[in-house]
Amino acid sequence: MINDLIGTCRLFIEKGYYVGLINYKDNFGRYKKKRIQTNLKERGNKKEAQAILDKAVEELRQELEQKEYSPSPEQTIKTDISFMDYVENYIKSKVNELEPEVYTGYMTNFSIMKSYFGNNLKLKDVTYHHIEDFYNFLRTERKNKNVTIKHHAVILSPALRMAYRDDLIPKNPYEFMPKLKRENSKRNFYSPSELEELFKITDKSPLALIVRVTAFYGLRRSEVLGLKWSAFDFQNKIMSVQHKIIVDKKIVYQKDTLKTKSSTRSLPLFPEIEKLLLERKEQIKKNHYKYGLSYNHKYDEYVFVDDIGNLYLPDYVTHRFAALIKRNKLKHLRFHDLRHSCASLLAGQGVPMKNIQEWLGHANFNTTADVYSHLDFSTKRFSANAIENALTVNDENKTDDLLEKEIEELNKLIEQKKNLLKKNNCIM
């Protein structure tokens, strides 16, 4: 029995030192891992490191032999909890760690889980197949894509991992779940001409400046509504994104912590946006005088407030924007798609993906590349030229002609970038 409990044992290198790893089962049949720090450097010490690992394996074997192999009565009682009760308790334990709207989203997804699993399934009986069947249900019955299913995975995976850590289950069934692959979803965006038409339509709407700022900078909804006057340095022509507004259960949260560290960023202030902001500032002053005691001064530091000083809230902006699009029979576009439109304009002008990542405030390059790489036409153009040169050049004169054409094409692209940067008064 003891020989069955000791599994694979191996050495690996971590920060230049040998580390041993022993996979085994404890006396209750639970899968465990034990790390052995050898404190031996990689070069010339492999035999000594292996000897330390072998000794640790033998000591563990002797330790297991001294214990009786049997399930714990306490363990049986603790794992009698239902699967859904455990998951609900796990979510509630995270209430102080999660953003309010994230916590609400967790509880919304939990209600879907509970309606599927019910209360009869015990935590100790959950298998890989239960989770797999649930995900298939989400795909077939609810028509969910992987990006939505991941919202369930971020609850189930850590919850079951914690149950295994706390010895509530003999093994973690989520260990065997394949990684949910990112799907290529279609991103809606407007072309420059479509954006111009949108700006004309919204010019007389309360959303006029909100729409322009969002399209110019590709801000998230929470970021644009969280813009304060202090975010704008009119002297140095800089706008800082460092605050957000979120609403959960009708409670307004004002937060200086954005989605990721990269979301906090400084961007050049476009002359057109600066002009509209200064006009807005004057209009707000007039509203102070016009509405007098009826004016709400609670949000005086914010840019986007209504005529009597109330803060524009996310749902209002989303619904008002959707109504404008529908009423004017424009191509369907969500408010968040203004962010995608900004990215498409940058990519269309040959701006590198790394710069687009920084402009949008993505935490890592892969996110930007996965979502917007299909828009990077400039790299495809040069790749096509390279293939054409390799396959069609037959003589020296033709080579020279193609090289001259290549240089001309490159100079055009450089000139386009210069014009774009000059227009925006910025360095991408």
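The values are calculated or read from the model by the stated rules, or taken from the named source; none is laboratory data. Values in this document were obtained by computation on a predicted structure and should not be read as measured data. Neighbour counts run over all protein chains shown; Cβ positions are idealised from the backbone, glycine included. Areas reflect the complete protein model, heavy atoms only, side chains present, ligands, DNA and RNA absent. Shrake-Rupley method; radii C 1.70, N 1.55, O 1.52, S 1.80 Å.
So for the stretch 146-160 (the condition being surrounded by 15 or more Cβ atoms within 10 Å (Cβ to Cβ) and in contact with a Gly (Cβ under 8 Å, 6 or more places away or on another chain)), does at least one residue qualify? Scanning the stretch 146-160 turns up at least one residue that is surrounded by 15 or more Cβ atoms within 10 Å (Cβ to Cβ) and in contact with a Gly (Cβ under 8 Å, 6 or more places away or on another chain). Within the stretch 113-147, the residues that satisfy the criterion of being within 22 Å of GLU183 (Cα to Cα) and part of a helix (DSSP H, G or I) are ILE131, GLU132, ASP133, PHE134, TYR135, ASN136, PHE137, LEU138, ARG139, THR140, ASN146, VAL147. Within the stretch 284-332, restricting attention to residues that are of a type in the set (D, E, K, R) and not in a helix (DSSP H, G or I), the residue that is least open to solvent (accessible area, probe 1.4 Å) is ASP306. Residues in the stretch 262-307 that are over 17 Å from LEU209 (Cα atoms) and β-branched (Val, Ile, Thr): THR264 alone.
Yes/no matrix, rows are residues, columns are (1) of a type in the set (D, E, K, R); (2) closer than 19 Å to ALA231 by Cα; (3) at pLDDT 95 or above; (4) open to solvent by less than 30 Å² (accessible area, probe 1.4 Å):
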{"residue": "GLU282", "(1), (2), (3), (4)": "yes, yes, yes, no"}
{"residue": "ARG334", "(1), (2), (3), (4)": "yes, no, no, no"}
{"residue": "ALA343", "(1), (2), (3), (4)": "no, no, no, yes"}
{"residue": "LEU346", "(1), (2), (3), (4)": "no, no, no, yes"}
{"residue": "VAL351", "(1), (2), (3), (4)": "no, no, no, yes"}
{"residue": "GLU358", "(1), (2), (3), (4)": "yes, yes, no, no"}
{"residue": "HIS362", "(1), (2), (3), (4)": "no, no, no, yes"}
{"residue": "ALA369", "(1), (2), (3), (4)": "no, no, no, yes"}
{"residue": "PHE377", "(1), (2), (3), (4)": "no, no, no, no"}
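When the stretch 85-105 is filtered for residues that are of a type in the set (Phe, Trp, Tyr) and open to solvent by 40 Å² or more (accessible area, probe 1.4 Å), only TYR103 remains.
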